[in-house]
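The values are calculated or read from the model by the stated rules, or taken from the named source; none is laboratory data. Every value quoted in this text rests on a predicted model; they were computed, and no experiment measured them. Here Cβ is always computed from backbone atoms with ideal geometry, including for glycine, and neighbour counts include all displayed protein chains.
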Amino acid sequence: MTTLAQEFTKGIVKENPLFRLILGMCPTLAVSVTAINSFGMGVSVIAVLLCSNIVISAVRNVIPAKVRIPAYIMIIATFVTLVEMVLNAFAPELFEALGIFIPLIVVNCIILGRAEAFARKNTIGRSIIDALGIGLGYTISLVLLGVIRELFGAGSIFGYQVMGTAFEPMGVLAVAPGAFITLGVMLGLFNYLFKHFGIE
Amino acid sequence: MNIVLPLVVLGGLGLVFGGLLSFAAQRFAVEEDERVEIVADLLPGANCGACGYPGCIGAAEKIVSGEIPVDACTVGGKVVSDRICEILGLEPVAADAKKIPTVFCLGTKDVTVDKFEYQGVPDCNAALMYSGGFKACEYGCLGLGTCVEACPFEALQMGENGLPVVDEERCTGCGICANACPRGIIRMMDVDYSGCMVLCNSKDRGGTTRRACKVGCTGCKACIKACPNEAVVVEDYLAYIDPAKCDGCGECVEACRRDIIKTAVKVAV
Amino acid sequence: MSLLAIIFVAILADNIVFNQFLGICPYLGVSKRLETSLGMGIAVIFVMALSAIVTWVVYNFLLIPFDLGYLRTIAFILIIAGLVQLVETILKKTNPTLFRALGIYLPLITTNCAILGVAILNVQAEHNIIETIVYAIAVAIGFTIALIIMAGIRERLELADLSSHLRGAAVSLVTAGILSLAFMGFKGIMTL
Amino acid sequence: MHEGLRMTLVLLIIGVLCGTLLATANNATEPIITERIETEFLAALEGFFPEVAEYEVKKIDKEEFYSCYDAGGELIGIVGQVKANGYGGSIDYDLAVNADMDIIGIRISSHGETPGIGDVITSPDFQERLIGLNIEDPIEAGVDVDAISGATVSTGGVISSVRRVMDIIGENVL
């Protein structure tokens, strides 16, 4: 049985949802225009992933196999709607920025993936750690992507103008093709780094 | 505090779909022979198709229904067929010897002559489209690794000298590489065959072979005279040793002026 | 807005994969071979149209009258998951060969954000029932087209000698980026 | 039959539990959200009409028009939350018109125009061209308002939409 520490760190490096498991691509591409949005989405995913992992691993023996997927999705959807309400009430600008991608956290393959692959088979304690690890790994990679796209796409980081006025922002990064290409190149880069440092 | 309404709506939806799904589960239940599932798990699961059926599930169904013999899965070999026998309650069957692919060509880069420099798609089939391949020898191995790509068990590696090398443990004898090679250079030989083999595939006349390759067989028939058991026959300027007749005495190996006949040592050129 | 405009925008100008970033996970996963992409495409068209109708009916006749807009997400996803599982069980019995061809994609479709995305977009755009169906089918066709183009390219990419790190998802994302650039060309022609 | 019953029961229970959870959460957050939208919108209206006290909403074919009244109940102007067809899809903007139908303000709330080209519609220079025009003026690209070269689709789209909205306001809101 892997130790608790390994369980946590595996989410950040070995099983990084974005670069290793290649999950949750839809919100990643759309939200990572600015670092703030990426951070907001990352935190919301952690919140939902944590709650759903806890509840799903709690009821894992009760739910019959045939209705497993609809039941899990309903639990995840409840938490997502809760996050949606909280953000709408208390953090309106972030809610505006994330827009359609908050409801789409429900079908974000990471959460259902962790529910199916992990929470369903492990105790609540382990599921919590797994959720934190995977969620953190996802947020770090998402913010990294957000920083790169914002830095070169708009010359700022977290909204603060960093590049000098002479810097001509690369508009393509703010638009759809830029997202695909940046993420593709980053995936290639991380594959190289993982092989180079011998992480299998 | 209006809680009842959402409760009713969501509960109702849950009820409707729960009912629909359970009704469908009964009404459309498919009686599946669960033994097929178990046998499918036992099979290696590489879906390589060596048994001639679409993947392991296809083969498992046929094995359970008895249409094909228990050891149909060459890849699984004796180990798998014994376990299946336990499950299906049949007596274990003596599996025939495992076969290993052998490359009938020694045309490494340093001994062969190229017609032109090929920079196209690294695939033998693609290379063949350009006037029969870049090598002067029309029958030799092009070394572009179609066989390596085809092997589902990664048992084949392309050596630096441009000839494929077989990894004994990984190879399961499924024979996919033999079919994949467009020039039929790879043939399956018994693991424990210790006789001699003419490691060449060239049916060109002696002169053309000599110009195309330093080691190719020119069909000079020296090996026929040398062989005590008449195991050798020459057709289209290419010598062929019949594995049944050959006892591995090695007379032909010395007699061969082109040094193209080898005893069944693995191609570790 | 005329139906033709909806169809054109849904398939080309605002393609669900290239412009709206929806359904990328199955898109990357399935577009390795042409026949599998076609199979997935047909399954998506069928489920998307079906779920668009059911979600529209439930939204307009159940959620809106009782002012339960906030239940939208959970109700839609329950409907989609239920429908997909229903289609899966029925298909398994009535047409096993088609099931074996499409079977593996059906659970994949439940987590396909494009289907929930389309349901929500339909509701946000306040489409009537006809527009909802047309939009859902058009988006699904757009998804299938994107899938088939990508599958064609990726089959050739298999033969390209590419560094091992870029193979697989990395190169497909970059290719998708270039395709998305091409699809942006349709943007100015017609708008909703 | 036991299996089927259990499946239905589980989905029902989950549905009920989720329903109650969401309902309580909604009842808690709903007032905050509506109140926030209310104040936010009032602030936006004040942007156009500083002395607005309360407003009345009228929905015409998916677009909302807010008639603003000052403390004394006098109509001081109308703000339309409307859409225009731009190059990159629909442009959502607010158009403010005073009592005698002069355009006094325009605010783009969201658009998909190409960054660097189409987004000139958010620049004051373009918006000033529209301010001051009356419902009687033609409000047509090239006639009394000229679109910006290089972004004719975007700017032209906004101008033609303003014309359409003015007609709507003229007929049913006044």
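Cβ-Cβ below 8 Å, separation at least six or inter-chain, first residue in region D:95-116 and assigned to a strand (DSSP E or B), second among the hydroxyl-bearing types (S, T, Y): which pairs?
D:I106/D:Y93; D:R107/D:Y93; D:I108/D:Y93; D:I108/D:T122; D:S109/D:Y93
Can you report the number of residues in region A:52-65 which are buried (at least 19 other Cβ atoms within 10 Å of the Cβ) and within 16 Å of A:R126 (Cα to Cα)?
Summing the residues that are buried (at least 19 other Cβ atoms within 10 Å of the Cβ) and within 16 Å of A:R126 (Cα to Cα) in region A:52-65 gives 5.
In the same structural domain as B:G133 (by TED's automatic domain parsing), surrounded by fewer than 20 Cβ atoms within 10 Å (Cβ to Cβ) and part of a helix (DSSP H, G or I) - does that describe any residue in region B:213-223?
yes
Is it the case, given these coordinates, that D:I37 is within 14 Å of chain B (Cβ to nearest Cβ), part of a helix (DSSP H, G or I), of a type in the set (V, I, T) and out of contact with any Pro (no Cβ under 8 Å at 6 or more places or on another chain)?
no
Residue-by-condition table, conditions (1) within 12 Å of chain C (Cβ to nearest Cβ); (2) touching a helix residue (DSSP H, G or I) at 6+ places or on another chain (Cβ under 6 Å); (3) touching a residue at least 40 places away in the same chain (Cβ under 8 Å):
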| site | (1), (2), (3) |
| --- | --- |
| B:V111 | no, no, yes |
| B:K115 | no, no, no |
| B:S131 | no, no, no |
| B:A136 | no, yes, yes |
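Under 9 Å between Cβ atoms, at least 6 apart or on separate chains: pull out the pairs that start in region B:2-16 with a residue that is within 7 Å of chain D (Cβ to nearest Cβ) and under 18 Å from C:G82 (Cβ atoms) and end on any residue that is of a type in the set (D, E) and buried (at least 17 other Cβ atoms within 10 Å of the Cβ).
none
Condition first: more than 7 Å from every other protein chain (Cβ to nearest Cβ), buried (at least 20 other Cβ atoms within 10 Å of the Cβ) and not β-branched (V, I, T). Now tell me which residues in region C:56-79 satisfy that.
C:W56, C:Y59, C:L63, C:R72, C:F76
Checking the conditions here, which among C:A146, C:A151, C:A136, C:A140 is within 14 Å of chain A (Cβ to nearest Cβ), part of a helix (DSSP H, G or I) and either in contact (Cβ under 8 Å) with a residue 40 or more places away in the chain or within 17 Å of C:M40 (Cα to Cα) (or both)?
Matching residue, one of C:A146, C:A151, C:A136, C:A140: C:A146.
Would you mind telling me which numbered condition in (1) more than 23 Å from B:S22 (Cα to Cα); (2) part of a loop (DSSP other than H, G, I, E, B); (3) modelled with pLDDT of 80 or more; (4) not hydroxyl-bearing (S, T, Y) A:V107 fails?
Condition (3) is where A:V107 drops out.
All but one of (1) part of a loop (DSSP other than H, G, I, E, B); (2) touching an Asp or Glu at 6+ places or on another chain (Cβ under 7 Å) hold for D:S149; which doesn't?
(2)
Results for (1) modelled with pLDDT under 80; (2) under 20 Å from D:A25 (Cα atoms); (3) more than 9 Å from chain C (Cβ to nearest Cβ), shown as yes or no for each residue.
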{"site": "A:S44", "(1), (2), (3)": "no, yes, yes"}
{"site": "A:S52", "(1), (2), (3)": "no, yes, yes"}
{"site": "A:S57", "(1), (2), (3)": "no, no, yes"}
{"site": "A:A77", "(1), (2), (3)": "no, yes, no"}
{"site": "A:E84", "(1), (2), (3)": "no, yes, no"}
{"site": "A:D130", "(1), (2), (3)": "no, no, yes"}
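Tell me which residues, restricted to region B:153-172, are among the β-branched types (V, I, T) and either in a loop (DSSP other than H, G, I, E, B) or touching a Lys or Arg at 6+ places or on another chain (Cβ under 7 Å) (or both).
Of everything in region B:153-172, those that are among the β-branched types (V, I, T) and either in a loop (DSSP other than H, G, I, E, B) or touching a Lys or Arg at 6+ places or on another chain (Cβ under 7 Å) (or both) turn out to be B:V166, B:T172.
If D:I37 satisfies all but one of (1) within 30 Å of B:V4 (Cα to Cα); (2) within 14 Å of the chain's Cα centre (by Cα); (3) modelled with pLDDT of 85 or more, what's the number of the condition it fails?
Here D:I37 meets the rest and fails (3).
May I ask you to list the residues in region C:80-100 that are hydrophobic (A, V, I, L, M, F, W, C), surrounded by fewer than 24 Cβ atoms within 10 Å (Cβ to Cβ) and at the interface with chain B (Cβ under 10 Å from one of its Cβ atoms)?
C:L83, C:L86, C:V87, C:I90, C:L91, C:F99
Please give the number of the condition A:M25 fails out of (1) more than 17 Å from A:A115 (Cα to Cα); (2) modelled with pLDDT of 85 or more.
(2)
With A:I54, A:I36, A:I22 as the choices, which residue is among the aliphatic types (A, V, I, L, M) and over 21 Å from A:A176 (Cβ atoms)?
A:I54
List the pairs whose first member sits in region A:165-188 and is within 7 Å of chain C (Cβ to nearest Cβ) and farther than 15 Å from D:G116 by Cα, whose second member is part of a helix (DSSP H, G or I) and among the polar types (S, T, N, Q), and whose Cβ atoms are under 6 Å apart, counting only residues at least 6 apart or on separate chains?
Here the result reads A:A176/C:S180; A:P177/C:S180; A:F180/C:S180, each pair linking region A:165-188 to a residue that is part of a helix (DSSP H, G or I) and among the polar types (S, T, N, Q).
Given the criterion surrounded by fewer than 21 Cβ atoms within 10 Å (Cβ to Cβ), among the β-branched types (V, I, T), assigned by TED's automatic domain parsing to the domain that holds B:T108 and over 24 Å from the mean Cα position of the chain (by Cα), identify the matching residue among B:V232, B:V253, B:V165, B:V191.
B:V253
Limited to region B:44-65, what total is found for residues that are within 22 Å of B:L90 (Cα to Cα) and either at pLDDT 75 or above or polar (S, T, N, Q) (or both)?
Matching residues across region B:44-65 total 7.
Going by the conditions given, is A:G113 touching a helix residue (DSSP H, G or I) at 6+ places or on another chain (Cβ under 6 Å) and within 14 Å of chain C (Cβ to nearest Cβ)?
Taking the combined requirement at face value, the residue does not satisfy it.
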